[in-house]
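Trainee: This structure is in structure tokens; I'll ask about it shortly.
The values are calculated or read from the model by the stated rules, or taken from the named source; none is laboratory data. Since the structure is predicted, the reported quantities are computational estimates derived from the model, not experimental observations. A quick note on method: Cβ atoms are made from the backbone with ideal geometry, for glycine too, and the neighbour counts reach across all protein chains shown. These accessible areas exclude ligands, DNA and RNA; they are computed on the full protein's heavy atoms, side chains included. Shrake-Rupley method; radii C 1.70, N 1.55, O 1.52, S 1.80 Å.
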Amino acid sequence: MLRPLARLSADRLVLTILVLIALFVGGRAWLAENPGSNPWAPLDLNDEPGWATKSKIAALRDDPAQCRAVLERSEVDFTPLEPVGEGACRREDRTLLSEFPYADPRPDTTCAVAAALEIWRRDSVQPAAQEIFGQDVARIEHFGSFSCRRLYGRDEGPWSEHATGNAIDIAGFVLEDGTRIAIVNDWDTEDERSQFLHEVRDGACVAFGTVLSPDYNEAHRDHFHLDQESRGFGGVCR
């Protein structure tokens, strides 16, 4: 009886090894076809986002040189700007997107914010506009990115991410036909404009470390706050 049992155990071992090899080969093939979910693949903003995309962007927060290499690899037009400021408001990393559909004046941000904005525009803003309105967004209105201040303008406490341009406040969107969708007016209207705003808010959470909307508090009733500060696993999306 021992030999058949030993042979059965050996057969099971061989079968298990073959299954593991198949899973390994299949997994590598799948990761090669889905670089957005491959943590070892170089980040390219043209790739479809996957579960590893957000962590890859997060890794760029403290590495502006690598971030700008990603923008170049992704064929994103941008201009690196000279550092300015001092103290807590010193901005070492200033990146200006050349073709992002900002309403004037065009703000500069950290490179990590710029990279996330490109993903958000391509994979959330424009698809939602096409799906709901049948046209693209022509301009994205904003309240700027830089403000040398502490959180909520207080005299004490932590500095805002705006102090280093690591954040941007989005106020609204203008469609190609001139239709304006303003967060302050349209967030709670329960119509197509409200649907659009909620979809693009949720879409921003794929690429940004922090996303704050009117659902967060009264201070954000008229804008989305988007920043790239590390907020722990999963970030903040409200």
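Trainee: Sorting check: for 88-94, 99-105, which peptide has the highest mean count of neighbouring beta carbons within 10 Å, and how do the rest follow?
Mentor: Final packing ranking: 88-94, 99-105.
Trainee: Another question about this same structure. Could the peptides 108-120, 202-214, 150-162, 65-77 be put in order, highest first, of the mean number of other beta-carbon atoms found within 10 Å of their residues?
Mentor: 108-120, 202-214, 65-77, 150-162
Trainee: Once phi is turned into θ = phi - 60°, what whole-Hz ³J(HN,Hα) does the Karplus curve with 6.51, -1.76 and 1.60 give for every residue of the stretch 56-70, x standing for Gly and Pro?
Mentor: 5, 5, 4, 5, 8, 4, 9, 9, x, 5, 5, 4, 5, 5, 5
Trainee: Turning to a different aspect of this structure: Rank these residues by their accessible area, most exposed first, probe 1.4 Å: D177, D44.
Mentor: Listed by decreasing accessible area, they come as D177, D44.
Trainee: Mind listing the long-range amide H neighbours of R149? Cut-off is under 5 Å, sequence gap 5 or more, other chains count too, H placed in the peptide plane at 1.01 Å from N.
Mentor: Those lying under 5 Å, H to H, from R149 are S160, A163.
Trainee: Okay, moving on. Quick one: what are the phi-derived ³J(HN,Hα) couplings along the stretch 91-101, Karplus 6.51/-1.76/1.60 with θ = phi - 60°, whole Hz, x for glycine and proline?
Mentor: 10, 6, 10, 10, 10, 10, 6, 7, 10, 5, x
Trainee: Restrict the search to the stretch 174-223; then list the GluC sites (Glu not before Pro) that DSSP places in a loop and that have at most 12 other Cβ atoms within 10 Å of their Cβ.
Mentor: E190
Trainee: Residue farthest toward the positive end of the dipole of the stretch 158-238, with Cβ of Lys/Arg at +1 and Asp/Glu at -1: which of G172, W187, Q228?
Mentor: Farthest along the dipole direction, towards plus: Q228.
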